[in-house]
Each structure stands twice: as structure tokens, then as C-alpha cells.
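One structure below.
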Amino acid sequence: MVDVSVVIPYNRDRGWLNEAIASYEAQEFTGTSELILSHDPNQSCAENFNEGWILEAQGKYIKKLDEDDLLMPNCLQDLFDYAEEKDLDVVFAQSIHICDGEDIIVIPEFTELSLNVLLSNNFIDGATTLYSHNMLQELGGFDEKLQTAEEYEFHLRALSSNYVFGYLPHVVAKYRHHSSNKSRILRASSMDRVKYIEEIQERFQ
């Protein structure tokens, strides 16, 4: 079995795919890993992600890498070691947000790892997460009906199902802000994203 499968799900390359791949290739990881490009122009990010890990991934853990984000060289090693040490189903960490040419370290703000806290504050940065393959299989992966916040919904579902989360206070990824971010496009459209997220939260209240 491979230690970590890195899945890049995308329906189009917005210009950063090669950088994302290069960040995987630059990993300082002593374990075994594989890179899976899951690309179907007619599918959503959630559908491409699910297809990638279901059909191809051999890893004990799955790392999702969006094609516009980057992994820090320590990413896989730090997340894998912590998951193994603590026997975790989900590990999340700190990230650097690239915004208008400036790098900003984002540290999650939360009081405890509980469903109630996550319902009130989406503190988990999806760019930093590592998932156990077993948990993804048992929960069925991301909800493919969602157009946005599919990671948030998945984290709520995992916490409500008593899977074990752990926070690692290391920077492991870079999240890129740009005009074609999915969340920005949806905020600019007729969709009320706040209401959309509230509908997701209502599932777990």
C-alpha cells in the first residue's frame, strides 16, 4: 500500500497546474506517495476528486491538492507523521494565503474540535487537510450535488460521525486568492452563498 495519494481534481487548468504538480514533486517525504490527476471538463471539483480517489488511489491517506494551490515541501511528511502518531482520520494545519502578491499565514481559530464549534466557524482550511482512505470510503467522499463548500459539508459529516480530527500547528500549504476562485465567482453570482452554507449547517443541527 502507498502511504499517501495526492489527488489533483480539476475541470480546467487555470494556469497553475504545473506549479501544483511541481510542489508535489518537491516533497521531502521519506514514505511512499503517488500523484493522481483527475480531470473531466464536464465534472465538478467534488466529482473529479471522488473519481480520482475511488478509481485510482492506493494510499492509506488521501491529500487533495487543488490545481491553483501549492504544497509546502514538508506537507506530506508532517501530515502523515501526525496522523500516524495520533491515529487520526483527519489532520488539518496552517496555510499561507497568497493575496495580491502578499503571503499571509492563516492560523485556524477554534476553541475545540467539535461539531458545534465547526457549525459556528468554518475553521478548517481545506488546502491543509489529510484524510484517511478508510474514512473516505465509509462516508462516500464529497457530496457531488454541492456547487461549493463541499469540503465544509464533508468535515461536518465526518465530525458528526465521530471520526477523529487533529490539528497540527505547522504551515503545510499555500492557498491562492484570485479572480476565478470558485467561492468568489459564486459570491458574485445570483447565488446567496451565505444562505447556501446555512442550508448545509441545518443538516447537522
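Below, the figures for the structure above:
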| read-out | value |
| --- | --- |
| Which of V194, V164 has the fewest Cβ neighbours within 10 Å, and the rest in rising order | V194, V164 |
| Cross-link reach list, lysines versus K145, counting only Cα pairs under 25 Å and skipping chain neighbours closer than eight places | K63, K64, K182, K195 |
| Rounded to the nearest 20 debye, dipole of the chain from Cβ charges on Lys, Arg, Asp, Glu | 460 |
| Footprinting exposure proxy for C75, C45 (fewest neighbouring C-beta atoms within 10 Å first) | C45, C75 |
| Ranking of L168, L130 by count of other Cβ atoms within 10 Å, fewest first | L168, L130 |
| Shape category assigned to segment 57-157 from the gyration tensor of Cα positions, a/c cut at 1.5 | rounded |
| Gain in span if fully extended, Q137 to D103, counting 0.36 nm per residue against the direct Cα distance | 8.7 nm |
| Separation of alpha-carbon centers, segment 1-78 and segment 118-180, rounded to whole Å | 15 |
| Highest-first arrangement of 47-56, 117-126, where packing means the average Cβ count within 10 Å | 47-56, 117-126 |
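Where a number appears in this text, it was derived from the coordinates with a stated rule and is not lab data. The structure presented is a predicted model; accordingly, all values stated were derived computationally and were not measured. Note that we place each Cβ from the backbone using ideal geometry, even for glycine, and neighbour counts take in every protein chain shown.
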